[in-house]
Amino acid sequence: MQMTFRWFGEEDDKVTLDQIRQIPNVKGIVGALYDVPVGEVWPVEKIARLKNQVETAGMTLEVIESVNIHDDIKIGLPSRDKYIENYQQTIRNLAGFGIKVICYNFMPIFDWVRTELARELPDGSTTMGYDQFIVDGIDPVNMAKSVAGDSNGYVMPGWEPERMAQLTDLFEKYAGVDEQKLSENLRYFLERIIPVCEENDVKMALHPDDPPRSIFGLPRIVTNFADLKNIIEMVDSPYNALTLCTGSLGENPENDVPALIRYFAGRDRVPFAHVRNIKHLGNGNFEESAHLSEMGSLDLYEIMQAFHEVGFDGYVRPDHGRMIWGETGRPGYGLYDRAIGVAYLTGLWEAIDKGAKAAA
Ligand code: CS2
Ligand code: MN
């Protein structure tokens, strides 16, 4: 397991590389370019600059999260071929700088969705929450506005204002796209991307839908065991892989996260994992708790145990943290609670690993 930490770049993150470097066990940064419009080729000069910043700070850059997929690809418009060509070139450009994994998602229009970005917990910290009732009753255009007004001035990934401005138009374009169509469009994309990945030794790691169910009437196809199995079998290559996000998958109480890890990481299809806890609140509602098992509904010990059992040697990062100790910043991506998450996951791993060796 190689511990990493997500960083949004100098212009876009309050947390600095020097701070991240001081978290024990963090070796690598999970980064991205945030100023390249979705669908365009990532320029080598910009990749070089990011790589250089990270290495100067004493860490590695081998995982990108995310190279987002243009909606025309997900909708299956004729213009998709041009965007797929651009994506292929981005893969080549990233490979030139030693990138090994590209995380992406295939959710129509929206990236992850929460209804509250700063819900106060009994201990005075704040966290993100999701209320199905609110999502069922809200018009997505208003939702976009409330996310923009609530994120401390940061642009949430996937919620870029230029895209949100075209929301009505986008919804119309998705009108004929059901789950089957979306799945065919994913296959079309992967069939053209994976050969380039194989040539360049870069793994595509699809992130599950968050929450793992349809919202606003839009189709979602990365939600459970059957979906994930279908996806890895669509193009049967180790380069067609998954980002196993325990929180996103765990938001559905029916998903047995350790079993998913054993199955998919056990088949070498999980180069990258997001490990966090969430707390089920009934009726599809949840909030993001601290990483510690007893704070939420997922057993992080069992999760790390499952990774250990299959000999997992991929990249891991803690996921969304709460805001604690008065920290302000990008919701989910403060320094302190994620650093505590790293320490906790590292401690679990050390104990599991030493226990396994002693028993052998
Ligand atoms: C991330 C997602 O912040 C988060 O919740 O896990 O934004 C993730 O980066 C994308 O869905 C992957 O493309
Ligand atoms: Mn995640």
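The values are calculated or read from the model by the stated rules, or taken from the named source; none is laboratory data. Just so you know, these numbers come straight off a predicted model, no measurement behind them. Because the Cβ atoms are built from the backbone with ideal geometry, glycine has one as well, and the counts that use them run over all protein chains shown.
Taking the residues in the stretch 313-322 that are under 17 Å from His207 (Cβ atoms) and not charged (D, E, K, R) as candidates, determine which candidate is nearest to ligand 1 (Cβ to nearest atom).
Among those that are under 17 Å from His207 (Cβ atoms) and not charged (D, E, K, R), it is His320.
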Please indicate, with yes or no, whether at least one residue in the stretch 263-271 is touching a Leu at 6+ places or on another chain (Cβ under 7 Å), within 22 Å of Gly296 (Cβ to Cβ) and either basic (Lys, Arg) or outside any helix (DSSP H, G or I) (or both). yes
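On the basis of being at pLDDT below 95 and surrounded by fewer than 17 Cβ atoms within 10 Å (Cβ to Cβ), does Asp12 make the cut? Give the steps one after another, and end with the answer.
Values: at pLDDT below 95: yes; surrounded by fewer than 17 Cβ atoms within 10 Å (Cβ to Cβ): yes.
Yes: the conditions hold for Asp12.
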Qualifying residue in the stretch 289-300 (condition: assigned to a helix (DSSP H, G or I), in contact (Cβ under 8 Å) with a residue 24 or more places away in the chain, in contact with a helix residue (DSSP H, G or I) (Cβ under 6 Å, 6 or more places away or on another chain) and away from ligand 2 (no atom under 13 Å from the Cβ)): yes
Restricting attention to the stretch 67-110, which residues are of a type in the set (Lys, Arg) and within 16 Å of Arg192 (Cα to Cα)? Lys74, Arg80, Lys82, Arg92
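How about the stretch 231-255: which of its residues are assigned to a loop (DSSP other than H, G, I, E, B) and either within 16 Å of ligand 2 (Cβ to nearest atom) or crowded, with 17+ Cβ neighbours inside 10 Å (or both)?
Once the filter is applied, which keeps residues that are assigned to a loop (DSSP other than H, G, I, E, B) and either within 16 Å of ligand 2 (Cβ to nearest atom) or crowded, with 17+ Cβ neighbours inside 10 Å (or both), the stretch 231-255 yields Val235, Tyr239, Glu251, Asn252, Asn255.
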Return the residue satisfying two criteria in turn: it lies in the stretch 224-259 and is within 13 Å of ligand 1 (Cβ to nearest atom) and of a type in the set (Ser, Thr, Tyr), and of such residues it is farthest from Phe286 (Cα to Cα). Thr243
The residue that is farthest from Glu179 (Cα to Cα), considering only those in the stretch 68-90 that are of a type in the set (Val, Ile, Thr) and part of a helix (DSSP H, G or I), is Thr90
Qualifying positions in the stretch 312-360 - surrounded by fewer than 14 Cβ atoms within 10 Å (Cβ to Cβ), of a type in the set (D, E, K, R) and more than 20 Å from the chain's Cα centre (by Cα): Glu350, Asp353, Lys354, Lys357
Residue that is nearest to ligand 1 (Cβ to nearest atom), among those in the stretch 260-280 that are without any contact (Cβ under 8 Å) to a residue 40 or more places away in the chain and aliphatic (A, V, I, L, M): Ile278
Scanning the stretch 203-230 residue by residue, those of a type in the set (A, V, I, L, M, F, W, C), away from ligand 2 (no atom under 16 Å from the Cβ) and part of a helix (DSSP H, G or I) turn out to be Phe225, Ala226
So, restricting to helices (runs of 4 or more DSSP H) that lie completely within the stretch 92-202, which ones have at least 1 residues that are within 15 Å of ligand 1 (Cβ to nearest atom), of a type in the set (Phe, Trp, Tyr) and at pLDDT 95 or above? 179-200
Taking only pairs six or more apart or across chains, which ones have beta-carbon atoms under 6 Å, a first residue in the stretch 25-43 that is assigned to a loop (DSSP other than H, G, I, E, B), and a second residue that is aromatic (Phe, Trp, Tyr)? Val26/Phe5; Leu33/Trp42; Val36/Trp42; Gly39/Tyr83
Suppose we keep only residues that are in a strand (DSSP E or B) and closer than 27 Å to Met59 by Cβ within the stretch 273-288. Which one would you say is nearest to the chain's Cα centre (by Cα)? His274
Quick test of your reading of the structure: Trp159 fulfils all but one of (1) closer than 16 Å to Asn68 by Cβ; (2) out of contact with any Asp or Glu (no Cβ under 9 Å at 6 or more places or on another chain); (3) surrounded by fewer than 21 Cβ atoms within 10 Å (Cβ to Cβ); (4) among the aromatic types (Phe, Trp, Tyr). Name the failing condition by number. (2)
